[in-house]
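In what follows, a structure is listed as structure tokens, so that the remarks can point back to it.
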Amino acid sequence: EESVREIIISRIVKIYFAFWPFYIIGVIGGVLFADAPVWHSYISSQTHKFSWLLVIIDILGLSEFFKTSSIANSINASWWYVSAALMIVLIMPLFYQLYCKYKIKFIILITILIYILEVNPLSVLLVVTALGILFAKEDLFIKIKMRICKNMKSKIMGYALIFFFLYATFELCNIIGNIASIPFSSIACLLFGYVILSEVPIIREFLVFIGK
């Protein structure tokens, strides 16, 4: 049986093997098609000179941690998701242990802390990770679907509630912003997909296929 450390290392390696080919393609594309030389992406905002440190940070997918994922010093600012993936892999074992010990108290605490301290793409994903552990550990999606699909009456009411929840999360985006509403919209979209869309045979088969 693999240890937690071995699992973490294995997943990090997989992330890098998936990311680096796109990094190389990005560099080649930048050399061939960018208006400015690729090395301009790694000019330090402090020294205004080329920085190998920024190159290393970008290659390791850590730019979002160091707030360097701007047009000025990263080839592709959208590579913040690599930082997010690494963070989730590293933090998951700790979050899992904390949830097993403190249950819902941990979920409430981490959510309050994130929304009080700072809301950004990475911090909000910590809330999503904690909620993911809650839903997976307690089999909430399965329990919700079983409760909704008991009979036609409960199915109609359940579908209506899910559609309302989905609509409410989109409205919430306009109030608190897209980033801050990510945890709520994530749950709504997953409920919609798992409970409703999965009832469509062709979609269910597709979801089974991509889940393999």
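Annotations for the structure displayed:
Listed here are the residues, each with its yes/no results for (1) open to solvent by 80 Å² or more (accessible area, probe 1.4 Å); (2) on the phi > 0 side of the Ramachandran plot; (3) among the charged types (D, E, K, R).
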| residue | (1), (2), (3) |
| --- | --- |
| Phe17 | yes, no, no |
| Trp20 | yes, no, no |
| Tyr42 | no, no, no |
| His48 | yes, yes, no |
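- Residues being of a type in the set (A, V, I, L, M), more than 29 Å from the chain's Cα centre (by Cα) and in a helix (DSSP H, G or I) - total across region 7-55: 2
- Selection from region 179-205 of residues that are part of a loop (DSSP other than H, G, I, E, B) and surrounded by 13 or more Cβ atoms within 10 Å (Cβ to Cβ): Ile179, Ala180, Ser181
- Scanning region 131-150 for residues being over 19 Å from Ser186 (Cα atoms), open to solvent by 70 Å² or more (accessible area, probe 1.4 Å) and modelled with pLDDT of 90 or more gives a total of 2.
- Filtering region 77-130 to residues that are open to solvent by 80 Å² or more (accessible area, probe 1.4 Å) and among the aliphatic types (A, V, I, L, M) leaves Leu90, Leu94, Ile104, Ile108, Leu109, Ile112, Ile116, Leu117.
- Out of Ile110, Ile88, Ile114, sole residue that is aliphatic (A, V, I, L, M), modelled with pLDDT under 95 and under 14 Å from Ile15 (Cβ atoms): Ile88
- Filter result for Thr129 (touching a residue at least 60 places away in the same chain (Cβ under 8 Å) and within 17 Å of the chain's Cα centre (by Cα)): no
The values are calculated or read from the model by the stated rules, or taken from the named source; none is laboratory data. Every value quoted in this text rests on a predicted model; they were computed, and no experiment measured them. In this analysis, Cβ positions are derived from the backbone assuming ideal geometry, glycine residues included, and neighbour counts consider all displayed protein chains. We work out accessible area using only protein heavy atoms, side chains counted, and drop any ligands, DNA or RNA first. Shrake-Rupley method; radii C 1.70, N 1.55, O 1.52, S 1.80 Å.
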